[in-house]
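K.L.:
Mind looking over this structure? Questions follow.
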Amino acid sequence: MASLNVYSVLVVLFLTCGAVMATKENDQIIKENNCETKMGLPCVLEAFTSIFNTGSISNKCCDELVLLGKFCHSALVKRTLENALFKDLNPATIIAKSIQTWNNCLALINSPSPSA
């Protein structure tokens with residue numbers, strides 16, 4: 001339960017605190033595309049966990065991630081990496097996990113549904 005609270009705090013920081021440290025390019029993308037309002041908090045938590053820790057992302061949250069869009073997804077991940085709380089993370093590893101999560105979700109969304 002404590003880890004869920006830690007992740008909740010990190011997600012809130014992910015969504016709100018990085019603005020001061022964000023590059024103008026990422027900030028502009030995030031603001032112009034309303035990136036911070038396109039995913040529900042449970043799915044933000046799942047995506048965050050799958051990228052910044054170890055976890056998986058559900059089909060429902062993959063839908064939300066793909067609807068968020070690649071530009072928003074990339075800008076939010078990059079902005080999070082700029083936050084001092086994440087200075088000890090390897091950016092290349094996080095970017096690779098971010099791309100893997102995106103590609104997995106995109107493949108899932110684009111795959112044909114099994115017939116009933």
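The values are calculated or read from the model by the stated rules, or taken from the named source; none is laboratory data. Source: prediction; values computed, not measured. We place every Cβ from the backbone using ideal geometry, glycine too, and count neighbours over all the protein chains shown.
K.L.:
Taking only pairs six or more apart or across chains, which ones have beta-carbon atoms under 7 Å, a first residue in segment 75-101 that is in contact (Cβ under 8 Å) with a residue 60 or more places away in the chain, and a second residue that is of a type in the set (Lys, Arg)?
P.N.:
none
K.L.:
In segment 73-85, which residue that is part of a helix (DSSP H, G or I) and in contact with a Leu (Cβ under 9 Å, 6 or more places away or on another chain) is surrounded by the fewest Cβ atoms within 10 Å (Cβ to Cβ)? Show your work before the answer.
P.N.:
First pass over segment 73-85, keeping only residues part of a helix (DSSP H, G or I): 73-82, 84-85.
If we keep only those that are in contact with a Leu (Cβ under 9 Å, 6 or more places away or on another chain) as well, we get 73, 76, 80-81, 85.
Details: 73: 22, 76: 27, 80: 26, 81: 19, 85: 13.
Among residues in segment 73-85 that are part of a helix (DSSP H, G or I) and in contact with a Leu (Cβ under 9 Å, 6 or more places away or on another chain), the one surrounded by the fewest Cβ atoms within 10 Å (Cβ to Cβ) is 85.
K.L.:
On to the next question. Exactly one of these conditions fails for residue 72: (1) in contact with a Lys or Arg (Cβ under 7 Å, 6 or more places away or on another chain); (2) farther than 24 Å from residue 92 by Cβ. Give me its number.
P.N.:
(2)
K.L.:
May I pose another question? So is residue 56 hydroxyl-bearing (Ser, Thr, Tyr) and free of Cβ contacts under 8 Å to residues at least 12 places away in the same chain or not?
P.N.:
Values: hydroxyl-bearing (Ser, Thr, Tyr): yes; free of Cβ contacts under 8 Å to residues at least 12 places away in the same chain: yes.
Yes; evaluated as a whole, the condition is true for this residue.
K.L.:
Just to be sure I understand, how many residues within segment 24-35 are surrounded by fewer than 16 Cβ atoms within 10 Å (Cβ to Cβ), at pLDDT 85 or above and in a helix (DSSP H, G or I)?
P.N.:
So the answer is 2.
K.L.:
Being hydroxyl-bearing (Ser, Thr, Tyr), out of contact with any Pro (no Cβ under 6 Å at 6 or more places or on another chain) and at pLDDT 85 or above is the requirement here; does residue 49 meet it?
P.N.:
yes
K.L.:
Kindly evaluate residue 64 against the criterion of being without any contact (Cβ under 8 Å) to a residue 40 or more places away in the chain and either touching a helix residue (DSSP H, G or I) at 6+ places or on another chain (Cβ under 7 Å) or buried (at least 20 other Cβ atoms within 10 Å of the Cβ) (or both).
P.N.:
Numbers: without any contact (Cβ under 8 Å) to a residue 40 or more places away in the chain: yes; either touching a helix residue (DSSP H, G or I) at 6+ places or on another chain (Cβ under 7 Å) or buried (at least 20 other Cβ atoms within 10 Å of the Cβ) (or both): yes.
Answer is yes for this residue.
K.L.:
So, of the residues in segment 48-61 that are exposed (fewer than 14 other Cβ atoms within 10 Å of the Cβ) and under 14 Å from residue 93 (Cα atoms), which turns out to be nearest to the chain's Cα centre (by Cα)?
P.N.:
The extreme case among them is 53.
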